[in-house]
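Structure first, then comments.
The values are calculated or read from the model by the stated rules, or taken from the named source; none is laboratory data. All of these numbers come straight from a predicted model, not from anything done at the bench. Here the Cβ positions follow ideal geometry from the backbone for every residue, glycine too, while neighbour counts run over all protein chains shown. Ligands, DNA and RNA are stripped out before the accessible areas are found, and what is left, the full protein with its side chains, is counted by its heavy atoms. Shrake-Rupley method; radii C 1.70, N 1.55, O 1.52, S 1.80 Å.
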Amino acid sequence: MLIEYLPGDTLIHRLDVRTKMFGFLGFLILSFLFLDPKYQLLIVTLTGLLAFWIKIPLQKIWRMMLPLLPIIISIILITGFTFTPGRFERVSSQAILFYALPGGRLGATVGGFLMGTTFILRLFSMMIVSSVLTLTTSMDDFTQFFQKMKVPVELSMMLTTAIRFIPTLDKKRRLILEAQKARGAKFNEKGIVGSIRSYIPLMIPLFINSIIMANSLSMAMLNRGYGLTRSWTSMREISFAPRDYWSISCIMLLLMLAVFVRFRLHLGGL
Amino acid sequence: MKTVKTVETIKCIENAIELINISYCYPHVEEPCLKNVSLTVQKGKFMVLMGSTGAGKTTLSLCLNGLIPQLMEGKLTGQVSVAGKNVGKTAVQSLSKVLGLVLQDPETQIIGRTVEEDTAFGPRNFLVPLDEIKQRVDQTLAKVRLKGYNHRLTEELSGGEKQRLAIAGVLVMEPEILILDEPTSELDPIGRSEIYQTLADLRRKKDLTILLVEHSSEELIHKADEVVVLNQGEVAWRGIPTELFRNLPLLRKWGIKPLPVSQLGWDFYEKGWISFAEIPLDIPSAAGVIRALLPKYGHWQGPAAGQSKDRLLKQEPFLSEKTISVQVSDLIHQYNSDQPALRGINLTIEAGEFVALIGQNGAGKTTLAKHFNGLLKPTSGEVIVEGMNTSQYDTSDLAKTIGYVFQNPDHQIFSATVEKELEFGLKNAGFKGQAIKERVEQVLQYTGLEKYRSVHPFSLGKGERQMIAVASILVLKPKLLIIDEPTTGSDWTGVQTMMALIHKLHAAGTTIIMISHDMDLVAQYAKRIIVLKDGEVFRDGTPQDVFANEQILLDSAIVPPQLCRLSSQLKDILGSETFIQSSEFTALFESGEKSRC
């Protein structure tokens, strides 16, 4: 998932974090409601439109998806062979395409492959929706959300600090890497044992440095009064605007429609 | 009315800090870190705490805000009170309202992602209303000269800015007492004077008590009201700074760096030429003293004679055969899409030279140095080191002939004993069994680390760890040694030990390239100085040539060492000569002394 905030001024950026969270939940329900890949494709398109709206960096998305390719293929294969015909409501889905092993064992069902495709598309829409959420919502907003949801201050503090220290630790990692390279360390040894061994000179100083840093961070936090009270002043009051009510109504409507289609019209199953 | 007034005056001389018989022992350590320390600091004073590494300076400041014993275990006896509050009985968090402590490393004190978020952290914990927080944040940022930085990301700030932000984070809670633990150790001279300027401003504007922990500094002598010297956990001396800095034997005893001009003055004092109070502490008074003494005791034949003598000295190195160690041609380096960090560097460094690379933070010193061992490859141009074109070799291959010691030893130490740490480089270079043992043995002796052979490196002090870092490179017997800031955070004794080692290596024929902010060291040891500015070579020459023109150097934010500035003040007497060693100054008087006898 993309975690860095993408500055912008679209409607999605301006929505209240709670509305966005609700929308996220809505898409989650939507995509778990339907089993038919056709409907999933519709959802992916919908999320794709959202992504297009906030001008998501396409290259990054592609780079994120690429390593997943083997997983995608294996998911389709596994579902194709393991879902027995009895698990599907529709007759067309129960059809068996061929048997992988002689003697009528391990049959590949049409429904199984469709199910695999659904899983994949579901994964896609989840990735896109969550990226849209994180890209348009600043860390501040998330902390606000946690606070509104009565999540303890410690937890949101932990999250903010963790995110603050990612670049710092990465810088440390680079410095350590350079220092060890200057002593002739090679970080491209072959084999699993070799590569683990070659990373010891990197990992140990990184752990030690993190512990030292954590120690002085705890001092610095106490120095600045952290933990005196169990809450703190919020830096920004979030509030609903008319656009939030509109958006929530739209999402509700969409959800009701979806439930109606799925359970009344009995569409979208397998 | 009268009673009110007396109450007020009593309040005025009230002590901000009061320590009574403090002793503290870290857990699992037998020797106490602080021994019976009693100390009072009056309200509104600017006090400096000095002493060598391990004297207990940091420990003392942690005692003052209650982190000892509330966060750290160990045995503490005695009583600490701060602004009338008993530290033992007040939580660290409540104390932070009256006493602000800025720790050494700014990186781990910055909690927020943006400057505003970070500065607001303290007041938010005290549930200060939002409007007031915003107001206070803006005011505080203006005080530390970070006005308008509110929405900048903290990770993108420079070292000096981070340090000032760390101070802001504490100041925003409006404490009465401010304690700073070595806030300038990793800054360049400009960054350092900015911090001191900030402190001076703060003091003027508000009745703030300041306790500053520092190794030593020229600028502080006239700013601080009082100095306290800690030595091995005990208060060794207390008084006004000028007293201390005139007394050279005391400074030597406690491992505090003396000022170069006062060193000169001490010589005169010992000869009985001037009184103790006349020992100069700044350049104008030093110039005055020399002017006054020259006619009486001097033996100066004018610039011409001195110059010819100097010429002879200079020519000596040229007699030996030249081999080129580093050859840089048209080097340009660009990180990502930004402005180039290096723009067209041309350099030749001969084998056996001692070169100092100086310049402001961000001038490109480290970027250039990293090209010498292949950690960075040229964007365009060529770097040939010891006959190898760095773009064709991997760093791990170059490491066998080119040593690079980084600033922070903690970034490389990973073994359980000093001995094993030294073996790492040799193993990488393909050495086996007996050969490794022999070389490690040699280097342990050479660096004086023998006694720590089977000790865990992290149980040693910073100075020793720095030495381990150097030793772990020396085992490879590099022909060229690059050292990045070998003395940051070390005390005077540590600095001298390290520089003596580097000097010994240079004398043995190793080519040395040293990156440093310490101009006194650069002037004293380097034979050639390269000044970088905005990714270009700004000046290149002998220390005498480079440091001669103060005005030009100011452009690249470099302040020449004290003695060079002194000699440019004495231009009318010395002519075009620039003196950089104190021996050159004393030489002015040597013959005169003889004639007196």
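B:Leu375: within 13 Å of another protein chain (Cβ to nearest Cβ) and either touching a residue at least 24 places away in the same chain (Cβ under 8 Å) or assigned to a helix (DSSP H, G or I) (or both), yes or no? It is true that B:Leu375 is within 13 Å of another protein chain (Cβ to nearest Cβ) and either touching a residue at least 24 places away in the same chain (Cβ under 8 Å) or assigned to a helix (DSSP H, G or I) (or both). The helices (runs of 4 or more DSSP H) falling completely within region B:226-290 that include 2 or more residues that are under 22 Å from B:Gly489 (Cα atoms) map to B:241-246, B:248-254.
Scanning region A:190-234 for residues that are within 9 Å of chain B (Cβ to nearest Cβ), surrounded by fewer than 19 Cβ atoms within 10 Å (Cβ to Cβ) and part of a loop (DSSP other than H, G, I, E, B) turns up A:Gly227, A:Leu228, A:Thr229, A:Ser231, A:Thr233, A:Ser234.
Against the conditions (1) more than 14 Å from chain A (Cβ to nearest Cβ); (2) open to solvent by less than 60 Å² (accessible area, probe 1.4 Å), B:Gln334 satisfies every one except (2).
Looking only at residues of region B:453-467 that are outside any loop (DSSP other than H, G, I, E, B) and surrounded by fewer than 19 Cβ atoms within 10 Å (Cβ to Cβ), we find that the one that is modelled with the lowest pLDDT is B:Lys462. For A:Thr160, the conditions (1) part of a helix (DSSP H, G or I); (2) β-branched (Val, Ile, Thr); (3) open to solvent by 30 Å² or more (accessible area, probe 1.4 Å) are fulfilled apart from (3). Whenever a residue of region B:98-117 is more than 7 Å from chain A (Cβ to nearest Cβ) and over 9 Å from B:Ala166 (Cβ atoms), its partners that are among the basic types (Lys, Arg) and in a loop (DSSP other than H, G, I, E, B), lying with C-beta atoms within less than 7 angstrom and at least six residues away or across chains, give the pairs B:Thr114/B:Arg152; B:Val115/B:Arg152. Somewhere in region B:428-451, is a residue more than 11 Å from chain A (Cβ to nearest Cβ), open to solvent by 40 Å² or more (accessible area, probe 1.4 Å), touching a Gly at 6+ places or on another chain (Cβ under 9 Å) and not hydrophobic (A, V, I, L, M, F, W, C)? No, because not a single residue in region B:428-451 is more than 11 Å from chain A (Cβ to nearest Cβ), open to solvent by 40 Å² or more (accessible area, probe 1.4 Å), touching a Gly at 6+ places or on another chain (Cβ under 9 Å) and not hydrophobic (A, V, I, L, M, F, W, C). Within region B:126-139, being out of contact with any helix residue (DSSP H, G or I) (no Cβ under 7 Å at 6 or more places or on another chain) and either at the interface with another protein chain (Cβ under 7 Å from one of its Cβ atoms) or not acidic (Asp, Glu) (or both) holds for B:Phe126, B:Leu127, B:Val128, B:Pro129, B:Leu130, B:Lys134, B:Gln135, B:Gln139.
So, in region B:112-142, exactly how many residues are of a type in the set (A, V, I, L, M) and under 14 Å from A:Tyr226 (Cα atoms)? The qualifying residues number 3.
Note on region A:141-157: among residues that are open to solvent by less than 60 Å² (accessible area, probe 1.4 Å) and among the polar types (S, T, N, Q), the one that is nearest to B:Gln412 (Cα to Cα) is A:Ser156. If you check B:Ile558, B:Ile530 for being among the aliphatic types (A, V, I, L, M) and in a loop (DSSP other than H, G, I, E, B), only one passes: B:Ile558. Considering only residues of region B:140-162 that are within 13 Å of chain A (Cβ to nearest Cβ) and part of a helix (DSSP H, G or I), which is most open to solvent (accessible area, probe 1.4 Å)? Across region B:140-162, the extreme among qualifying residues is B:Glu156.
For B:Phe354, the test of being at the interface with another protein chain (Cβ under 9 Å from one of its Cβ atoms), aromatic (Phe, Trp, Tyr) and either more than 29 Å from the chain's Cα centre (by Cα) or open to solvent by less than 50 Å² (accessible area, probe 1.4 Å) (or both) is failed. Candidates B:Ser52, B:Ser81, B:Ser94: the one that is in contact with a strand residue (DSSP E or B) (Cβ under 9 Å, 6 or more places away or on another chain), without any contact (Cβ under 8 Å) to a residue 12 or more places away in the chain and of a type outside the set (Asp, Glu) is B:Ser94. Within region B:378-409, the set of residues being more than 29 Å from B:Ala557 (Cα to Cα), open to solvent by less than 10 Å² (accessible area, probe 1.4 Å) and away from chain A (no Cβ under 11 Å) comprises B:Val385, B:Thr390. Scanning region B:452-484 for residues that are more than 13 Å from chain A (Cβ to nearest Cβ), closer than 27 Å to A:Ile212 by Cβ and not small (Gly, Ala, Ser) returns B:Tyr452, B:Arg453, B:Val455, B:Leu460, B:Glu464, B:Met467. All of (1) in a helix (DSSP H, G or I); (2) over 25 Å from A:Ser218 (Cβ atoms); (3) modelled with pLDDT of 90 or more hold for B:Gly191 with one exception: (3).
Of the strands (runs of 3 or more DSSP E) lying entirely inside region B:22-119, those containing at least 3 residues that are modelled with pLDDT of 90 or more and open to solvent by less than 10 Å² (accessible area, probe 1.4 Å) are B:34-42, B:46-50, B:99-102. Looking only at region B:481-523, residues that are part of a loop (DSSP other than H, G, I, E, B) and open to solvent by less than 10 Å² (accessible area, probe 1.4 Å) come to 2 in all. The residue of region A:65-91 that is farthest from A:Leu267 (Cα to Cα), among those that are open to solvent by 40 Å² or more (accessible area, probe 1.4 Å) and of a type in the set (Ser, Thr, Tyr), is A:Ser74.
Can you name every residue in region A:163-189 that is in contact with a Ser or Thr (Cβ under 6 Å, 6 or more places away or on another chain) and open to solvent by 60 Å² or more (accessible area, probe 1.4 Å)? Within region A:163-189, A:Lys181, A:Lys186, A:Glu189 qualify.
Residues that are within 22 Å of A:Met139 (Cα to Cα) and either over 30 Å from the mean Cα position of the chain (by Cα) or exposed (fewer than 14 other Cβ atoms within 10 Å of the Cβ) (or both) within region B:122-136 comprise B:Pro123, B:Arg124, B:Asn125, B:Phe126, B:Leu127, B:Val128, B:Pro129, B:Leu130, B:Asp131, B:Ile133, B:Lys134, listed in sequence order. In region B:199-220, what residues are among the aliphatic types (A, V, I, L, M) and farther than 22 Å from B:Glu186 by Cβ? Within region B:199-220, B:Leu208 is the sole residue that qualifies.
Between B:Glu174, B:Glu182, the distinction of being under 17 Å from the mean Cα position of the chain (by Cα) and not aromatic (Phe, Trp, Tyr) belongs to B:Glu182 only.
Test B:Lys451 against the stated conditions and say whether it is among the basic types (Lys, Arg), within 20 Å of A:Lys181 (Cα to Cα) and in the same structural domain as B:Thr510 (by TED's automatic domain parsing).
Details: among the basic types (Lys, Arg): yes; within 20 Å of A:Lys181 (Cα to Cα): no; in the same structural domain as B:Thr510 (by TED's automatic domain parsing): yes.
No.
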